[in-house]
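As structure tokens, the structure follows; a few thoughts come after it.
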Amino acid sequence: MPDHADVSLPPEDRVRGLIQMGSYVEVNEDIPPRRYYRSGIEMIRMATIYSEEGNIENAFVLYNKYITLFIEKLPKHRDYKTAIIPEKKDTVKKLKEVAFPRAEELKKELLEKYNKEYAEYNVQKKKQEEEFARSLALQQQLEEERQRVALMKQQQAEQEQFHAFEEMIRRQELEKERLKILQQFGKPEPVPNSLEGPLIPGVVTPPTDAKTPCHPGQPSSPGGGAVVPKPPVVDRTLKPGALGSPESHATIEGLRHIIVPKELCHKFLQLADANTARGVETCGILCGKLVRYLPR
């Protein structure tokens, strides 16, 4: 049964619910029919009072009960046809002149009232739906912003973790390189037999006494002792070949011979191996000194 107090229902359904309430009437076979006619007089009086007070729902229900009782239910009573009921004629008159007309009038009033309430309900419902849609949109925006911030934090944490991992790898590589250098140069390596011996054949150490023969062209002291040789005079115009000098036999096409240790290139390649593996170029400076006019 539809609830007539539910404003969300269409007006016709609410009126139909009141009609169903008015149709619910029970007749007891043990009660004489005349008593029901006397009760009908009281029903008409109460319906009139409800109508005057503005309680049209209860008035409409009572008029429908009155109609249902005397049109549908009471004629089925076992004593209805044999009972002498003086109030029957007056009841039929009230049905035609009062109950049916007032029930129709109240039905129109109820439909008008319910239509107004239903329209107000729809307006309020639309406002609530719009408010809910705005609230839902705002909630979605907040959720998207929360997810965006969480994603940024996650990306930042991953980036920091990646940088920390890179730093750890870099430190491990530096530590490996340091240990490798310490392993190679921390202890003197044994010199191969092929590398033993003087760098310049026939010269073991620089001259330190007077018995060491001097280079031709170097003056000797009157006492026969060796004089500390002066630095040779360099003619810049003859660079780099120093052609015409006494040492010209030590040059090839204007370039001077340079004597270096045999293991120099091998050791340099070992030092540069870590950088070469990472694609980093390693540069070095080759330095030396003159020993008996031969660069070392």
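The values are calculated or read from the model by the stated rules, or taken from the named source; none is laboratory data. Predicted, not measured: the structure shown is a model, and the values here were computed from it. A quick note on method: Cβ atoms are made from the backbone with ideal geometry, for glycine too, and the neighbour counts reach across all protein chains shown. All accessible areas refer to the heavy atoms of the entire protein, side chains included, with ligands and DNA or RNA removed. Shrake-Rupley method; radii C 1.70, N 1.55, O 1.52, S 1.80 Å.
If R0 equals 25 Å, the separation of the Cβ atoms of LYS267 and GLU167 corresponds to a calculated FRET efficiency of about 0.25. Converting phi to 3J(HN,Hα) with the Karplus coefficients 6.51, -1.76 and 1.60 and the offset θ = phi - 60°, segment 77-89 yields 5, 5, 9, 5, 6, 8, 6, 9, 10, x, 7, 5, 5 Hz in sequence order, with x at every glycine or proline. Using θ = phi - 60° in the Karplus curve 6.51 cos²θ - 1.76 cosθ + 1.60, the 3J(HN,Hα) couplings for segment 55-72 round to 8, 6, 4, 5, 5, 5, 5, 5, 4, 5, 5, 4, 5, 5, 4, 8, 9, 10 Hz; x is entered for Gly and Pro.
Ranked by the mean number of other Cβ atoms within 10 Å per residue, highest first, peptides 178-184, 99-105 order as 99-105, 178-184.
Counted over all Cα-Cα pairs of segment 8-139, pairs farther apart than 24 Å make up 44 percent.
If the segment from PHE100 to GLU160 were pulled out straight at 0.36 nm per residue, it would be longer than the present Cα-Cα gap by 13.0 nm. Taking 0.36 nm per residue of separation and subtracting the current Cα-Cα distance, fully stretching the chain between ARG146 and GLU52 would add 27.7 nm.
Residues whose amide H comes within less than 5 Å of that of VAL291, counting only those at least five positions distant or on another chain, are ARG296 (H built at 1.01 Å from N in the peptide plane). Remark: segment 271-278, residue by residue, has Karplus-estimated 3J(HN,Hα) of 5, 8, 5, 5, 5, 4, 5, 8 Hz, where x stands for each Gly or Pro and the curve is 6.51 cos²θ - 1.76 cosθ + 1.60 at θ = phi - 60°. The accessible surface of segment 1-160, taken with every protein chain in place and a 1.4 Å probe, is 52 percent carbon and sulfur.
With 0.36 nm allotted per residue and the present C-alpha distance subtracted, the LEU179-LYS116 stretch has 13.4 nm of extension available.
How would you order 89-95, 59-65, 18-24, 283-289 from highest to lowest mean count of nearby Cβ atoms within 10 Å?
Per-residue Cβ counts within 10 Å, averaged per peptide and sorted highest first, yield 59-65, 18-24, 89-95, 283-289.
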